[in-house]
1. Quick check: pseudo-label points 7 Å beyond the Cα along Cα→Cβ at Lys172 and Glu41, how many nm apart are they?
2. As an exercise, take the mean of 1/r over every pair of distinct alpha carbons in region 42-160, invert it, and state the Kirkwood radius in angstroms.
3. Scan around Gly181 for amide H atoms under 5 Å from its own, H built in the peptide plane at 1.01 Å from N, and keep only partners 5 or more places away or cross-chain.
4. Taking neighbour counts of Cβ atoms within 10 Å as a proxy for exposure, in what order, fewest first, do Leu111, Leu312 appear?
5. Can you sort Thr68, Thr422 by how many other beta carbons sit within 10 Å, fewest first?
6. Sequence-distant or interchain residues sharing an amide H contact under 5 Å with Arg237, placed H: which?
7. Report the calculated FRET efficiency for Ala347 and Met115 (r = Cβ-Cβ distance, R0 = 25 Å), to the nearest 0.05.
8. Among Ile297, Ile284, what is the fewest-to-most ranking by other Cβ atoms within 10 Å?
Amino acid sequence: MVGMRDVARVAGVSISTVSLVVNGTGYVSDEMKARVHSAMEDLDYIPNELARNLYRNRTDIIGVIVPTIRHPFFATLTASLQRVLYQHGFRAILCSTVDVNQDVDQYVDMLRRHMMDGIIMGDHTTYPASYWTSIGRPLVAFDRYLGPGIPVVASDHEGGGRSVADILLRSKARHVVMIGGPREQFHDIPRAGSKQGRSAKSLADPIQPVGGGLDTTFPTVRYYLTLEHALDQAEVRYEYVEAGAVESLEGYARAVNHVLDAYDDVDAVVSSDIGAAYCVQEAIRRGIRIPDDLQVIAYDGTYLADAAGMRLTALQQNFDRIAELLGRRIIESIEADEERDNARRSARPSGGGKTKTGGGGRECRDRGAYSATRLGGQGGVSEGEDPHAGPDSVAESAMDGNRFVHTVADVIPLYVRIGETTKPN
């Protein structure tokens, strides 16, 4: 078996020089590098990846934690994310907690023991921020807030909520039903409701720019709350019907049947692609005319939006851009972590500074102000807008309730895809 010693002998250099070339560490002249690479090629030498990673304290493995890959949203996102990571030389370990009945602890433990270089966290967690910031290893959050210093990539759900409201109000909808996950995820909204199934507490107060004051780690709930606030303002009746946890796909079918049985005058349903697809199919079965009698709007815009029997009007999330930014943020965090480790190793005893806890992510190079202009008018998404056009809305801000505190937040616009399930206006 060919080893570094053989390469060093043929190249006429020391073993340490071969090691520096193989591991990409330290300074080696171009002439020396050429000699080592030539010897490696002549000997058909293949570096021991495990040994090289141990030397570098790297595995080139990133954990991607999601609740389930049964859901089309997470299936679509993880497919894009694995492709992005692979293009940058990383492999993804897919950790779907519900599918294997495991908590996030085991994956965090793998990160602590350096069995992974970082984690992209896309699952719901009840752990406090102190748990995540105490890990002190590269972390990036997707569509949720984990703690100060941990980069966040999220879609602009407030803009999405405004766009849904705009479609419904322009079409003169009078009774809207939203079908979604457990309302307890909204945290600050009491379970006991007043008329129309709403909280007795006014929803107008929490809906401020960037969504201040909400006691939740879920940016996703902002689209429901933004939509409810807009319907409140227009005095349009609405309900919120729970479909169960994200992995309970059958819960959407039950919720749709309940809505169509319980509300004779419902004329608009808003749900994820799953709920919207079930709704279209059940309405067709019952002889309900779409969109004349019932409008249906999907939120996500996955492949399922084209497999419902009618082309769904959908709020399209930009999966490729989300994956691209998640990949960039975690790789930046890993590289920053590695740089700090190298600096500590090479620092004199009197030198060195404190290291940051949390994600360690660098500030985005193309950071700009949160831009409502890209989202059209008052922050809604323009119909048919190219999701790849223009810069992303990237912000660093404080967090009060569910606002981001001292962290890099990439906010990605959604766009409206008009289909056959809403009225022309």
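Every read-out reported here was derived from the displayed coordinates using simple, explicitly stated rules and does not represent laboratory data. Source: prediction; values computed, not measured. Neighbour counts are summed over all protein chains in view; Cβ atoms, including those assigned to glycine, are modelled from backbone coordinates with ideal geometry.
1. 7.5
2. 15.6
3. The answer is Ala243.
4. Fewest-to-most ranking of Leu111, Leu312: Leu111, Leu312.
5. In increasing order of surrounding Cβ atoms, one gets Thr68, Thr422.
6. Hits under the 5 Å cutoff: Val176.
7. The pair Ala347/Met115 has a calculated efficiency of 0.40.
8. Ile284, Ile297
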